[in-house]
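Enquirer: Right, I'll just put the structure down here and ask away after.
The values are calculated or read from the model by the stated rules, or taken from the named source; none is laboratory data. Predicted model, so just to flag it, every value in this text is computed and none were measured. Here the Cβ positions follow ideal geometry from the backbone for every residue, glycine too, while neighbour counts run over all protein chains shown. Accessible surface areas use protein heavy atoms only, side chains included; no ligands, DNA or RNA. Shrake-Rupley method; radii C 1.70, N 1.55, O 1.52, S 1.80 Å.
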Amino acid sequence: MNLKAKRIHCAAKEATLAEIDKKHIIHPWSDLGSDARSMIIESGKGIHVFDNEGNQYIDSISGMWCVNLGYANEEMAEAIADQCIRLVYYTPFGAMASPPSIELAHQLSQLTPGDLNHFQFTTSGSTAVESAIRFVHYYFNCLDQPEKKHIIYRENAYHGSTYLSASLNGKKCDRSYFHYITDIVHAIPDPNPYKREPGMSVEDFCDLRVRELEEKILALGPDKAACFIAEPVMGSGGVIVPPPGYHKRTLDICRKYDVLYISDEVVTAFGRLGHHFASEDVFDIVPDIITVAKGISSGYQPLGAAIISEKLMNRISGASARQNSYYTNGFTYSGHPVACAAALKYLEIMDRDNINEHVREVGPYFMQRLAELKSFPIVGDVRGLCLMACVECVVSDDEDENIAVAQRVDEFCQEKGLIVRPYENLCILSPPLIIDKSGIDQIVDILRDSIIATMDEINKEAR
Ligand code: PLP
C-alpha cells in the first residue's frame, strides 16, 4: 500500500461513513446549508433494506421508484456478472454495436405500443428526456420547420436534472438558484382533480385542462409548438392520476396541430402500473415518443431509453434522410452491454413470474388499504394507482405547516421500520413490485401508527 492510499484508508477508519459522506459528497436535492448526516443504507434483501447500524426497514419507495424486483436478486446479479466477463463494454457510436442492446431493442419492440420501435438507449431518465427533446428539435429541423421548437409541460411535473429536462420540472420547490431554459418551455396546469375548484365536477375540470393545452398551442402558434410532454401518472409531483379521458383528449389535441406527444414513462413503465407500458394499456394512447429508465433494469444498472415511433423515423431516415444529417446525439454508455443484460434478465423474470399480473392483483389491495387512512384529520387525500401512491397531509392553508406534519409522519415511519419518500407535504409510496399482501399490511399499519403518533404529538403541543 502506498503512503497516500494508507492515509485514505486511515481517514476512513477514523471518521464515520456519515462524516466522510458529509465532507465529500454532493447529494442530489440536498440542503447545502444543513448539517444533517445521511442515513447509510448498507444492504438489502427482498423488500427490506438495512442501515449500517443494523436497523431493518421496509423500503416502500423501491430505492427511488426503481428496484422493482426487490434487493439481492441473484439471477440479476449473475446476469450482470456474466455480461461483465463476456463483454463489459464496447462503443455504440456510428456503426458499432454489441449483442445485448440489439436483443433488448428486439424484445422491447414487441412490447411497446403501436409502432414505437426505435430505441435511443441512454443512461438515465433525464438523459432519456433530454434525448427525446433533442430528437424532436432535430426532427423538425430536418423537415424544414426550424421554428417548431417549443415544449409544453405541466406544473408539478418532474422530468429530470439535465439542463433541458430540469427546465421542464414544474414543481416550485425544484426551481432553485440554478439557471433554467425559459425561451422555449411553457407550463400548463396539472390535471390533479383533488385541487379542482370547489363545486367543479371532475368532467368540467378535465374539459378545462384539455382546453388549456389547446389554448397554449394556439397562443404559441402550431408552427412553433413542437411537443407536449406528460407523465401518465405524475410521480414526484404527487402521484397525480388524471381524470378519465385526459390523456386521450390531450393526444387528440396534439395530433390536430401536429404537436408531438412524449409520454414520460420513466416511473410508470415496466410493471409499476401492472403493464410493461402504461400509455396504451392503462390510458389507451399511443404516443409519438416514450421515455423510460429506472424499472427497465429493475434499478440493478443505470439505463434509460427514448423510444421513437417508426412513423417519425421514416420521415427523417433512409431515403428521407437529409444530406449530412449526422445524428450527433448519444453517450459513451448508450446501450451499455451490462445494463442491457440486466434489462433482458428483468424482462425474462417479469414474464416468467407474471410480475404484471401480480401487480394488478396486489395494486388495488394496496390502494384499498391506504384509503383507510383518509379518515384521519391530518390526511387530506390518499391517491394513486396500483403500486404508485401518496398520502397528502393537510392541517391548514399554510404549506409550511403541512410540510412539517408530513415530515413528522415520515420520521415516525422511519423509527418504526418503514421508509417512505417525504416530498413537501406528501408521503410517497412505491414499494417493490414483488410485495405481497402481508407486506402491504405492514406498510399500512406502520403508516397508521405514525399518523396517530403525529396527531398525539400535535395535540400535546396544543395543550
Ligand atoms: N422522468 C420522470 C417521470 C422521473 O420520475 C424521473 C426521476 O424520478 C426522471 C425523468 C429523471 O430520471 P433520472 O433521475 O434517472 O435521471
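Enquirer: What spacing in nm lies between the two simple spin-label points modelled at residue 407 and residue 180, each 7 Å away from Cα in the Cβ direction?
Expert: For the pair residue 407/residue 180, the computed spacing is 2.2 nm.
Enquirer: So, one more: Which ³J(HN,Hα) values in Hz, rounded to whole numbers, follow from the phi angles of the range 433-443 under the Karplus curve 6.51 cos²θ - 1.76 cosθ + 1.60, where θ = phi - 60° and Gly and Pro get x?
Expert: With coefficients 6.51, -1.76 and 1.60, one gets 5, 7, 4, 10, 5, 6, x, 5, 4, 5, 4 Hz.
Enquirer: Enumerate the calculated ³J(HN,Hα) couplings along the range 334-340 in order (Karplus 6.51 cos²θ - 1.76 cosθ + 1.60, θ = phi - 60°), each rounded to whole Hz, writing x wherever the residue is Gly or Pro.
Expert: 4, x, 3, x, 6, 5, 5
Enquirer: Follow-up. Enter the per residue convex hull volume of the range 75-352, computed from alpha-carbon coordinates, in Å³ rounded to the nearest integer.
Expert: 134 Å³
Enquirer: Rounded to the nearest 0.05, what FRET efficiency do residue 25 and residue 115 give with R0 = 56 Å and r taken as the Cβ-Cβ distance? Could you check?
Expert: With a Förster radius of 56 Å, E is 0.85.
Enquirer: Residue 32 to residue 256: extension gain in nm, 0.36 nm per residue of separation minus the Cα-Cα distance?
Expert: 76.0 nm
Enquirer: While we're looking at this one, here's another question. If each residue of separation counts as 0.36 nm, what is the full-extension length gain between residue 372 and residue 400 once their alpha-carbon separation is subtracted?
Expert: Between residue 372 and residue 400, full extension yields 7.6 nm more.
Enquirer: Show which lysines lie in cross-link reach of residue 374 when reach means a straight Cα distance below 29 angstrom and same-chain residues fewer than eight apart are skipped.
Expert: Cα-Cα hits under 29 Å: 171, 172, 195, 416, 437, 460.
Enquirer: When ligands, DNA and RNA are left out and all protein chains stay put, how many square angstrom of accessible area per residue does the range 75-352 have with a 1.4 Å probe?
Expert: Here the per-residue accessible area is 42 Å².
Enquirer: Give me, ordered by chain and number, the residues 5 or more places off residue 187 or on other chains with an amide H under 5 Å from its own placed amide H.
Expert: For residue 187, the qualifying residues are 153.
Enquirer: Starting from the Cα of residue 329, step 7 Å toward the Cβ, then list every residue of the range 99-119 with an amide N under 14 Å from that point.
Expert: Within reach of a label on residue 329, which here means backbone N under 14 Å from a point 7 Å along Cα→Cβ, the range 99-119 contributes 118-119.
Enquirer: Accessible area of the range 75-352 with a 1.4 Å probe: how many percent of it is carbon plus sulfur?
Expert: That share works out to 53 percent.
Enquirer: In nm, to one decimal, how far is the modelled label at residue 51 from the one at residue 90, with both set 7 Å along Cα→Cβ?
Expert: Calculated label separation equals 4.6 nm.
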